[in-house]
1. For a quick check, take a GNM of the chain with Cα springs below 10 Å and name the residue from N100, N342, N197 with the largest mean-square fluctuation.
2. What FRET efficiency, computed as 1/(1 + (r/R0)^6) with R0 = 45 Å and r the Cβ-Cβ distance, is obtained for N411 and N128, rounded to the nearest 0.05?
3. Using θ = phi - 60° and the Karplus relation 6.51 cos²θ - 1.76 cosθ + 1.60, list the HN-Hα couplings for region 223-240 in order, rounded to whole Hz, with x at every Gly or Pro.
4. Could you tell me how far the Cα centroid of region 361-377 sits from the Cα centroid of region 1-53, in Å?
5. Of I290, S387, I318, which is farthest towards the positive pole of the chain's charge dipole, taken about the Cα centre with +1 and -1 on the beta-carbons of Lys, Arg and Asp, Glu respectively?
6. How many Å² of accessible area per residue for the chain, probe 1.4 Å?
7. Could you tell me what fraction of 2.2 N^0.38 Å the Cα radius of gyration of region 308-413 comes to, as a two-decimal ratio?
8. So what is the orientation-averaged projected area of region 33-158, using the convex hull of its C-alpha atoms, in nm²?
Amino acid sequence: MKKYKSDVVVIGAGAGGLAAAIEVKKAGLEVLLIERDKELGGITLQCIHNGFGLKEFEEELTGPEYAQRFINQVKELKIPYLLDSMVIEITKEKLVYAVNRNEGLIEIKAKAIILAMGCREKTRGAINIPGFRPAGIYTAGQAQRFVNIEGYLPGNTYVILGSGDIGMIMARRLTWEGCKVKAVVEIQSYVSGLLRNQVQCLEDYDIPLITGFTVTKIHGRERIKGVTISKVSRNFDRIIGSDKFIECDTLLLSVGLIPENELTLEAGAKISQNGGPLVDENLETTIDGIFACGNVLQVHDLVDMVTAEAKRAGKNAIEYLDTRYGKELKKQKKFKCISGENVGYVKPDVINKTDISKDIYFTFRVKYPARRVLIQFKDENNNIIYSRKKIYVIPSEMIELNLNLEEANVNPNSKSITIEVIPRPEVLIEED
């Protein structure tokens, strides 16, 4: 068994992994990238549409152009990387085991680990659509790879279930290729992706968006021949008599993303309510010296946000090696971050009380759209320590806040902080 040593091991060489590795290397530490695909860049390589890099580079790039900027830096800095290598185990002692066809089983001893494995799409099995198992059913990401990388069209006439960003982008992409997208069907009453994609990908191309419906039956045995869609109630139960048949030869699924956390679980790290690892304000998991960033932690709206978070993870790993590596430290007291009204989840999940004098970067999503709201942070005694007005919130757009808890006069003896998004008092008065 071949053995390696490195200060930091980064698992995943997509936008997050590349940015984190570059940050570590620039600090003069040794870093090793491990990627299961045959090339660096991750999912951005198949995202040939523009809209990348507006925050990071202040210019508009395609996915491959964005990835190449970081790949070039990796090569310039001579950061070592293992491609076509699958990590199969991570231990609490920060031993990483991987396999590839050239070296067989590999062991890497790390001082710190950054998890950047990204996320995966929900499949048909996750949503239980009745019917046989005919050909012609793909996730939107699979179809994107076929069209943009492999050069194949999965079909000619499409129904897309779910209005996630990849689904809407593929509706436009397939239209460009001369295909007919019959409809984008969304179970919610609102679009689950970014509003800009709704306008640029659906409305600009007159692609029908049907909200409040879902696919309830798939027709066909050898190849899909069509789908039945049905209106749903508030509890997402099928409303009898609302069925509609749409003829198509391909069904694309864009019904959500799941953080890729099998390795995280195997390592023994705790998972939080959003499916990503439970982390503190330093993006450190419940295992000392193992950090997480990007879509493995939480699904982001934009790749620029992934990059920014990965850079923070890299800096925190550097600080860990400088100040805490190999030292026996007392267990720190923490604030627990609780999701209050209309909040789906919050990152960080916990905050070390020793860090309340620092600016802490909060990210969270709402459960449902709302207008003219108040974002509030409360301590366990229901005292408001921070509030901010916002005109509009929607689940597809992550909310980001920087907050110094010491300046917000948080009670150091509190055990928790609750984040809530509520209607403004003046809105309630108007409604009365």
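1. The residue with the greatest mean-square fluctuation here is N100.
2. It comes out at approximately 0.45.
3. 9, 4, 10, x, 9, 9, 10, 9, 6, 10, 7, 4, 8, 6, 7, 5, 8, 4
4. 32
5. My answer, from the dipole projection, is I290.
6. Numbers: 20610 Å² over 432 residues.
Here the residues of the chain average 48 Å² of exposed surface.
7. In units of the 2.2 N^0.38 Å rule of thumb, it is 1.21.
8. Numbers: hull surface 46.2 nm².
Spelled out: convex hull of the Cα atoms, projected over all directions, averaged, 11.6 nm².
The values are calculated or read from the model by the stated rules, or taken from the named source; none is laboratory data. Because the structure is a prediction, the values reported are computed rather than measured. Note: ideal-geometry Cβ built from the backbone for every residue, glycine included; neighbour counts use all protein chains shown. Heads up: the accessible areas ignore ligands, DNA and RNA and are worked out on the full protein's heavy atoms, side chains in. Shrake-Rupley method; radii C 1.70, N 1.55, O 1.52, S 1.80 Å.
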